[in-house]
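Just so it is clear, none of the values below were taken in a lab; they were calculated from the coordinates. A quick note: this is a predicted structure, and the numbers were derived from the prediction, not measured. Positions of Cβ are generated from backbone atoms using ideal geometry, with glycine treated the same way; all protein chains shown enter the neighbour counts.
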Amino acid sequence: MPLLHHLDQGQGRPLVILHGLFGTLDNWQTLARRWATEAGLRVISVDLRNHGRSFHSPEHSYPLMVEDVLALFDHLQLGADTTLLGHSMGGKVAMCLALAHPERLARLIVIDIAPRFSDMRHQDDILDGLHAVDLAAISSRQEADTALAPHVRNLGTRQFLLKNLYRKEDNSFAWRINLDVLAAQLPAIGEATESHTPFLKPALFIRGGNSDYITAEDKLHDIPTLFPNSQVATVVDAGHWVHAEKPEEVFGLVRAFALS
């Protein structure tokens, strides 16, 4: 497989960032730059397969995404002092990698996702909206937004999704995400993270106070079962996109934990 597209900046302990479903490394660039310049970390932001500028594949599963990330670790010669951070789908990739290959990491940061199964029905409106955008017919981002709006009412979510839209050399529009594959593989993206062996190194879970992606039951049972040396930090007045809504709080939590 080709190497994942990534951006490597700064010097110091490595911090690898994995975005969520329909995201790209661009979603993290403001924070990544700050962790590199203000926290003195080497920050590697990654586009996962079928996202951003990384390769498209008909297959999309957590074991394969873990292999992709490990290949990048090897290419960049990242050592066991690495902190791996993942949001949402990227958080499940990070958990799977930590559980299967604990020797590759010093610590784990998971943002607003729990190990448990998700039926992914909350993504139906987003998929309907993305499919409603007729790429052959639109001539502007505004027209794409108009097509999305009946399905995705939240402006911030639409802006996030439309970051995937780009113009090709012939001036027509296309998606950077591999939309058909992601839609087909949605059940696999919702799969539970499981392991017979827990990850014993430090782990930080950051949840949005207004989000239900990490519940009280997750905090009491699922998370400590797999990650016994973990803590859960709640960012008040934040939803699922905690890092976009409360960047200062997330910057401070990650800096303190990655440098601990």
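Of all DSSP beta bridges confined to the chain, the antiparallel ones make up roughly 25%.
Stretching VAL236 away from GLN159 to a fully extended chain increases their span by 25.4 nm, per 0.36 nm per residue minus the current alpha-carbon distance. From helices alone, the chain scores -9500 deg cm²/dmol at 222 nm; the rule is -39500 (n - 2.57) for each run of n ≥ 4 DSSP H residues, then divide by the residue total. Ordering LYS163, LYS246 from the fewest to the most neighbouring beta carbons within 10 Å gives LYS163, LYS246. Within the chain, helices built from complete DSSP H runs that reach 18 Å or longer along their own axis (Cα positions) and carry a mean Kyte-Doolittle hydropathy of -1.0 or higher are 62-76.
Put in line by how crowded their Cβ is, counting other Cβ atoms within 10 Å and starting with the fewest, ASP8, ASP26 read ASP8, ASP26.
The ranking of GLU249, GLU67 by Cβ neighbour count inside 10 Å, starting from the fewest, reads GLU67, GLU249.
Dipole check for segment 121-186: with +1 at the C-beta of Lys and Arg, -1 at the C-beta of Asp and Glu, and the Cα centre as origin, the magnitude is about 260 Debye. Cβ-Cβ distance of GLU143 and GLN29, R₀ of 25 Å, FRET efficiency by 1/(1 + (r/R0)^6): the value works out to about 0.40. Just to be sure I follow the rule: in the chain, considering lysines 8 or more places apart or on different chains, how many pairs have Cα atoms under 27 Å apart? Lysine pairs meeting both conditions in the chain amount to 8.
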